[in-house]
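The values are calculated or read from the model by the stated rules, or taken from the named source; none is laboratory data. Here the structure is a predicted model, which is why all the values come from computation and not from measurement. Reconstructed Cβ throughout: ideal geometry from the backbone, glycine too, with neighbour counts over all protein chains shown. For accessibility, only protein heavy atoms count, side chains too; no ligands or nucleic acids. Shrake-Rupley method; radii C 1.70, N 1.55, O 1.52, S 1.80 Å.
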Amino acid sequence: MHPTDAFEFDRPVNSVEALRRSISNRLVYAVGKDLRSATPRDWLFAVFHAVRDRIMDGWRESLTQAEDQNAKRIYYLSMEFLTGRALSNAMLAAEIYEPVKQACALLGADFDALLELEPDAGLGNGGLGRLAACFLDSMATLGLPGMGYGIRYEYGMFAQRIVHGQQVEEPDYWLVNGYPWEFMRPEFSYTIRYGGHLVPQNGHSLWLDTEDVIATAYDSGVPGYQMRSVVTMRLWSARASGGVNLDAFNRGDYIQAVQAKNQSENVTRVLYPDDRTEHGRELRLRQEYFFVSASVQDILRRHLKTHSGFEQLADQVAIHLNDTHPALAVPELMRLLLDEYQLDWERAWGLCTRIFSYTNHTLMEEALETWPVELLGRVLPRHMGLIYDINARFLAQVHERFPDDHALLRRISLIEDRGVRRIRMAHLSVLASHKVNGVSALHSQLMVDTIFSDFVRMYPDRFCNKTNGITPRRWLAQANAPLTSLIDARIGPDWRRDLDQLAGLRAFADEPEFQNAFRLAKQQNKRRLAELMAHCPGVKVDPHSLFDVQVKRIHEYKRQLLNVLHVITRYHRILAQPHANWVPRTVIFAGKAASAYYMAKLIIRLINDIARVINNDARIGAQLRVVFIPNYRVSLAEIIIPAADLSEQTSTAGTEASGTGNMKFALNGALTIGTWDGANIEIADNVGRDNIFIFGNRTERVTELRGYGYRPRDHYESNFDLKYAIDRLAEGAFAPEEPQRYRDVVNVLLETDHYQLLADYADYCACQDKVDDLYRRPTAWTRSAILNVAGMGAFSSDRTIREYASQIWGVQPLSVAPK
């Protein structure tokens with residue numbers, strides 16, 4: 001018998017009985033336990049394996065079809081993939097959630113408790129990583145051939161604890177018990193090289209005497225809805241090229257014995273290592289190069305598996321840079337083509353500029369990534385030389401077109417020559433990419449008007465907009481069961497694939513029965529969140545109060561401090577008028593501050609100090625509560641977002657590229673209070689200006705104020721409520737044990753106020769009064785909430801990915817979907 005005839009396997013069946021047997025088999029033969037000895041973790045792993053079995057056929061067929069159809073593939077390079085928990089998402093995609101739940105019940109396993117045991121994958125931090133995860137979900141749902149490439153962080157970013165009101169960072173041990181969703185692929189291991197020196201040879205370079213680290217692949221499947229296809233997320237883990245130093249070990253020098261091994265493997269320990277030190281900055285650089293080198297080597301290996309050369313490389317491969325972290329993929333691809341495969345420069349660079357595309361996520365100069373020439377030249381000498389060569393050829397072209405504009409050469413150069421010479425990674429990404437996109441209409445316009453305006457003169461057709469989106473499968477169907485059931489009952493379940501169908505809910509916005517059911521769904525979600533918050537020390541909230549929510553990365557431009565100033569003002573007003581008709585309000589914060597970001601960590605402490613004072617003031621009663629929920633993550637967001645009544649999107653106009661949290665809140669029936677910034681503008685256009693609260697200066701006014709001299713003290717001196725709030729903060733009213741604790745916050749607000757909080761304060765407070773007024777009218781509030789949900793069709797990540805695929809990547813869906 002031929003091996004192809006002998007190779008047979010049993011396709012899993014999705015009935016309750018089949019799942020019961022599958023889980024039992026996996027418990028015994030994969031986990032090594034039985035009914036008497038199994039722990040909850042064992043049951044979780046058994047369920048994981050049984051569910052993973054059921055996506056394997058689709059995964060294998062997706063890979064086979066892409067190869068058989070000679071399909072062009074998209075390779076999405078991202079430092080973060082904030083995927084959250086995998087199990088529930090996979091069961092919903094495969095439509096086996098209820099059968100698995102029933103099978104667990106038959107076996108005596110607590111299904112809901114098992115789901116809570118799964119840790120969030122520690123693969124990201126904020127919107128960048130969550131966007132990447134949504135995109136993989138949509139790529140799979142649309143049947144696009146491709147992969148996501150990233151890093152398998154051993155300890156994630158960090159787990160956040162709040163101790164005495166302050167953020168404390170601890171390792172995120174998400175892998176400590178193993179991760180049954182992934183497959184280790186040791187056959188896909190690549191050598192990553194650092195340091196060394198260069199030797200010219202026949203017009204190319206030999207890179208010798210390098211320090212080597214091995215990158216090994218770990219694959220996870222990302223199933224599309226109804227198993228349309230399964231996309232691979234390939235993450236790289238570092239291991240030393242050599243083992244333990246046995247000579248040192250036998251001498252008793254155990255630290256020296258493993259020092260080199262540990263140093264090599266530090267590359268994939270944590271996301272975004274602290275870069276306040278030279279060692280931290282170098283580790284970040286090594287980390288970024290590690291993952292792009294492994295990824296590009298893997299992409300070329302796959303291409304050469306079915307092609308004899310690189311004539312069709314750009315027709316078969318699209319590489320997308322999710323921000324500038326993967327920008328070193330550009331010189332790495334050049335290095336491989338030039339030095340390993342002996343292509344000439346023109347051909348290699350021509351391929352690069354057809355293969356790469358780039359998404360910009362920020363306009364803030366301080367956030368645009370640069371690397372010191374000295375550091376990059378020492379760690380990656382070959383790449384530094386290639387960047388010099390790319391830059392020289394580029395500047396020659398610029399000079400030829402604009403021979404009299406010497407200032408242009410300095411501005412557009414890949415190398416910043418003021419002070420410490422640095423490589424501008426955004427410039428490198430723009431130059432190498434055939435398409436560059438922003439992530440909202442406003443952001444994309446500002447991008448071409450400001451930071452890349454010089455490049456627009458050279459390449460006017462290179463720039464475009466692709467407004468961000470979110471996957472409705474996770475952020476509504478999975479996160480919000482009460483609202484999902486209501487929507488399904490009225491318009492059916494097909495909105496999961498076609499979010500524009502939510503527009504059908506507009507017909508029910510004024511129907512009393514639907515409004516009552518909508519309010520009931522919201523109340524169920526609020527009770528669930530209230531139960532979770534009850535575990536926060538000293539916090540008891542009323543689920544009938546208005547849930548005012550701001551959950552996101554803690555950063556000054558996101559202006560959590562503006563929210564804090566309003567909370568202080570509201571507190572003072574309630575004390576001054578205790579018998580007024582106040583709308584009871586619970587103000588909820590969550591988010592992590594970067595470990596090295598002093599001001600962001602101080603803001604977290606301030607929020608907790610204010611919460612301590614207000615929540616313990618008997619005069620306030622239930623009129624105002626403040627809660628900071630620690631360790632914000634995807635699984636926590638799935639509880640918080642469906643419960644929100646009000647979504648705080650308060651960034652300074654012109655600073656938030658898009659935002660996706662704003663989309664998730666609106667999709668779940670929260671009303672937005674926000675600035676005319678990022679995707680808030682497009683949300684307003686889609687849900688109706690009467691159904692969103694917009695406040696504050698617009699981008700043009702922000703720019704004007706900065707141009708002629710913004711004076712925050714003018715606002716402070718002219719507004720009684722603002723002055724009183726800041727004065728009480730300065731006096732130590734919220735930290736009587738240390739009155740000067742928030743001196744730096746006060747100084748920033750009064751002396752610089754770079755993000756213009758005080759300029760927007762009065763309008764923000766007036767807008768909050770409008771929120772109260774509408775919330776006092778439940779019928780009107782509910783109508784606006786329903787219209788928010790109904791208007792969110794444009795913000796599906798499926799729409800975004802279709803646009804990327806057709807207008808940037810040139811990638812077509814697989815012609816035959818797996819069954």
Going through (1) in contact with a strand residue (DSSP E or B) (Cβ under 8 Å, 6 or more places away or on another chain); (2) under 30 Å from residue 132 (Cβ atoms); (3) not acidic (Asp, Glu); (4) not in a loop (DSSP other than H, G, I, E, B) one by one, residue 586 fails only at (2)
Going through the stretch 771-798 in order, the residues found to be in a helix (DSSP H, G or I) and either polar (S, T, N, Q) or at positive phi (or both) are 779, 782, 784, 788, 797
(1) in a loop (DSSP other than H, G, I, E, B); (2) under 25 Å from residue 80 (Cα atoms) all hold for residue 376 apart from (1)
Per the filter on the stretch 65-91, residues over 29 Å from residue 327 (Cβ atoms), open to solvent by less than 10 Å² (accessible area, probe 1.4 Å) and either over 26 Å from the mean Cα position of the chain (by Cα) or among the basic types (Lys, Arg) (or both) are none
Among the residues of the stretch 36-48, the number that are over 27 Å from the mean Cα position of the chain (by Cα) and either crowded, with 23+ Cβ neighbours inside 10 Å or closer than 14 Å to residue 94 by Cα (or both) is 3
Report whether or not residue 507 is more than 19 Å from residue 588 (Cβ to Cβ), among the small types (Gly, Ala, Ser) and open to solvent by 40 Å² or more (accessible area, probe 1.4 Å).
yes
The correct count of residues that are surrounded by 20 or more Cβ atoms within 10 Å (Cβ to Cβ) and either assigned to a loop (DSSP other than H, G, I, E, B) or at pLDDT below 95 (or both) in the stretch 754-770 is 2
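Sort through 516, 465 and tell me the only one that's free of Cβ contacts under 8 Å to residues at least 12 places away in the same chain and open to solvent by 10 Å² or more (accessible area, probe 1.4 Å). Let's see the steps before the verdict.
Working: 465 fails: free of Cβ contacts under 8 Å to residues at least 12 places away in the same chain.
So the residue among 516, 465 that is free of Cβ contacts under 8 Å to residues at least 12 places away in the same chain and open to solvent by 10 Å² or more (accessible area, probe 1.4 Å) is 516.
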Taking the stretch 490-502 and keeping residues closer than 17 Å to residue 470 by Cα and surrounded by 15 or more Cβ atoms within 10 Å (Cβ to Cβ) leaves 495, 496, 497, 499, 501, 502
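Looking for whichever is open to solvent by less than 10 Å² (accessible area, probe 1.4 Å), under 28 Å from residue 796 (Cβ atoms) and touching a Pro at 6+ places or on another chain (Cβ under 6 Å) here; the options are 480, 437. Which one fits?
Working: 437 fails: touching a Pro at 6+ places or on another chain (Cβ under 6 Å).
So the residue among 480, 437 that is open to solvent by less than 10 Å² (accessible area, probe 1.4 Å), under 28 Å from residue 796 (Cβ atoms) and touching a Pro at 6+ places or on another chain (Cβ under 6 Å) is 480.
Being under 16 Å from residue 389 (Cβ atoms) and in a strand (DSSP E or B) is the filter here, so list the residues in the stretch 202-214 that pass it.
Initial filter on the stretch 202-214 (under 16 Å from residue 389 (Cβ atoms)): 203-205, 207.
Within the stretch 202-214, 204, 205, 207 meet the criteria.
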How many residues of the stretch 160-216 are free of Cβ contacts under 8 Å to residues at least 60 places away in the same chain, exposed (fewer than 12 other Cβ atoms within 10 Å of the Cβ) and closer than 18 Å to residue 268 by Cα? The answer is 3
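Could you pull out the residue among 18, 6, 30 that is touching a His at 6+ places or on another chain (Cβ under 7 Å) and small (Gly, Ala, Ser)?
Values: 18 fails: touching a His at 6+ places or on another chain (Cβ under 7 Å); 6 fails: touching a His at 6+ places or on another chain (Cβ under 7 Å).
Criteria check complete, one pass: 30.
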Residue 728 meets each of (1) crowded, with 19+ Cβ neighbours inside 10 Å; (2) over 18 Å from residue 695 (Cα atoms) with one exception, condition (1)
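Open to solvent by 20 Å² or more (accessible area, probe 1.4 Å), touching a Phe, Trp or Tyr at 6+ places or on another chain (Cβ under 9 Å), in a loop (DSSP other than H, G, I, E, B) and within 30 Å of residue 760 (Cα to Cα): which single residue out of 553, 573 fits that description? Before the answer, list the steps.
On the way: 573 fails: in a loop (DSSP other than H, G, I, E, B).
Within the list 553, 573, the selection yields 553.
Quick one: in the stretch 625-645, which of the residues that are among the hydrophobic types (A, V, I, L, M, F, W, C) and out of contact with any strand residue (DSSP E or B) (no Cβ under 6 Å at 6 or more places or on another chain) is farthest from residue 521 (Cα to Cα)? So that I can check it myself, show each step before the final result.
Applying the first criterion (among the hydrophobic types (A, V, I, L, M, F, W, C)) to the stretch 625-645 yields 626-629, 634, 636-637, 639-641, 643-644.
Next, only the ones that are out of contact with any strand residue (DSSP E or B) (no Cβ under 6 Å at 6 or more places or on another chain) stay: 634, 636-637, 639, 641.
Details: 634: 21, 636: 18, 637: 17, 639: 13, 641: 13 Å.
Going through the qualifying residues, I end up with 634.
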Output for Cβ contacts, cut-off 6 Å, separation at least six or different chains, first residue closer than 23 Å to residue 769 by Cα and in contact (Cβ under 8 Å) with a residue 24 or more places away in the chain in the stretch 706-722, second open to solvent by 60 Å² or more (accessible area, probe 1.4 Å) and part of a helix (DSSP H, G or I), reads 716/723
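How about the stretch 714-737: which of its residues are in a helix (DSSP H, G or I) and of a type outside the set (Asp, Glu)?
Filtering the stretch 714-737 for residues in a helix (DSSP H, G or I) gives 714-718, 720-731.
Residues satisfying the conditions are 715, 716, 718, 720, 722, 723, 724, 725, 726, 728, 729, 730.
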Only one of 286, 335 is in a helix (DSSP H, G or I) and open to solvent by 30 Å² or more (accessible area, probe 1.4 Å), namely 286
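Would you say residue 336 is among the aliphatic types (A, V, I, L, M) and touching a residue at least 12 places away in the same chain (Cβ under 8 Å)?
Working: among the aliphatic types (A, V, I, L, M): yes; touching a residue at least 12 places away in the same chain (Cβ under 8 Å): yes.
So residue 336 fits the description; yes.
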Those residues of the stretch 771-816 which are β-branched (Val, Ile, Thr), open to solvent by 10 Å² or more (accessible area, probe 1.4 Å) and closer than 21 Å to residue 667 by Cα amount to 779
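Condition check ((1) touching an Asp or Glu at 6+ places or on another chain (Cβ under 7 Å); (2) under 19 Å from residue 599 (Cα atoms)) across all residues:
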| residue | (1), (2) |
| --- | --- |
| 694 | no, no |
| 749 | no, yes |
| 755 | yes, yes |
| 766 | no, no |
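Can you name every residue in the stretch 400-431 that is assigned to a helix (DSSP H, G or I), open to solvent by 90 Å² or more (accessible area, probe 1.4 Å) and touching a residue at least 24 places away in the same chain (Cβ under 8 Å)?
Initially, the stretch 400-431 is screened for residues assigned to a helix (DSSP H, G or I), giving 400-401, 406-412, 425-431.
Keeping just the survivors that are open to solvent by 90 Å² or more (accessible area, probe 1.4 Å) gives 400-401, 406, 410-411.
401, 411, listed by residue number.
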Flagged pairs (Cβ under 6 angstrom, 6 or more apart or on separate chains; first in the stretch 1-16, at pLDDT 75 or above; second among the aliphatic types (A, V, I, L, M) and open to solvent by less than 100 Å² (accessible area, probe 1.4 Å)) are 14/96; 16/103
Taking the stretch 124-154 and the residues there that are over 17 Å from residue 321 (Cβ atoms), modelled with pLDDT of 95 or more and in contact with an Asp or Glu (Cβ under 7 Å, 6 or more places away or on another chain), the one that is surrounded by the most Cβ atoms within 10 Å (Cβ to Cβ) would be 138
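I want to confirm something. Restricting to the stretch 745-788 and keeping residues that are basic (Lys, Arg) and touching a residue at least 40 places away in the same chain (Cβ under 8 Å), which single residue is nearest to residue 733 (Cα to Cα)?
Step one: of the stretch 745-788, the residues basic (Lys, Arg) are 770, 776-777, 783.
Cutting the leftovers down to touching a residue at least 40 places away in the same chain (Cβ under 8 Å) gives us 770, 776, 783.
On the way: 770: 28, 776: 31, 783: 40 Å.
Within the stretch 745-788, the match that is nearest to residue 733 (Cα to Cα) is 770.
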Inset, instruction - Report whether or not residue 227 is farther than 27 Å from residue 53 by Cβ, open to solvent by 20 Å² or more (accessible area, probe 1.4 Å) and within 26 Å of the chain's Cα centre (by Cα). - result: no
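Determine whether the stretch 454-461 contains at least one residue that is open to solvent by less than 10 Å² (accessible area, probe 1.4 Å) and assigned to a helix (DSSP H, G or I).
Residues of the stretch 454-461 open to solvent by less than 10 Å² (accessible area, probe 1.4 Å): 455.
Still in the list and also assigned to a helix (DSSP H, G or I): 455.
Yes: one or more hits.
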